[in-house]
1. State, to one decimal in nm², a quarter of the convex hull surface area for the C-alpha atoms of region 2-155, i.e. the direction-averaged projected area.
2. Among all helices in the chain defined by DSSP H, which have a length of 20 Å or more along the axis from Cα atoms plus a Kyte-Doolittle mean of at least -1.0?
3. Considering only Cα-Cα distances, which of the following residue pairs are longer than 29 Å: 17/44; 44/143; 44/137; 77/137?
4. When the dipole is taken about the Cα centre of the chain, and only Lys, Arg (+1) and Asp, Glu (-1) are charged at their Cβ, what size is it in debye, to the nearest 20?
5. Would you work out which of 124, 7, 104 lies farthest towards the positive end of the dipole of the chain? Charges go on Cβ: Lys and Arg +1, Asp and Glu -1.
Amino acid sequence: MRPSVLLERARSPLGQKMVRYTMVSVISVIVAQVILFLTFGVLKLWSARTCNIVAVTISGVPSYYLNRAWAWGKTGKSHLWREVVPFWSLAFVGLAFSTWAVDWAETQTAHWQSHLQVAAIVNAASIGAFGILWIGKFILFNKVMFVHHIEDLPEALDGRTGIPG
């Protein structure tokens, strides 16, 4: 695909959502990976599994608000059943899958001499798990969760009179 075609697609409304969603994902991954590496790799506070749970939980909060407000342009009060529950359900799926992945990675590398090498593999397992889920989450966010529903839109004003409808 030519760069001009990619640029044109990135400028479309869907393309702009994808770019912003990608940027939120990058921010969330950086937050989670830094926390995971610090708590597991550097400070050695807990197991990879526990450190991953902490990292994903903390990074999930800014991810929700950035996705909602910036990527999908939603303002006002969050809708519990259309936004909050689905987002955190997906976040829990990501948490469960990435926790399994980091636990597996830690188990497979437990005999290694260098804890920093183990930590790097654990971080890679976490990134890999979230990478697998990333595209599916975009589709669900875009088609289900952060859709602008007609009842959420302001009533249109008559252009001549300024009176609703």
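1. 10.8
2. The qualifying helices are 13-36, 48-66, 85-109, 115-140.
3. 17/44; 44/143; 44/137
4. 300
5. The one lying farthest along the dipole's positive direction is 7.
Bear in mind these aren't lab numbers, they're just calculated from the coordinates by the rules spelled out. Only a predicted model underlies this, so the values are computations on that prediction, with no experimental measurement involved. Don't worry about glycine lacking a Cβ; one is built from the backbone with ideal geometry, like all the others, and counts go over all protein chains shown.
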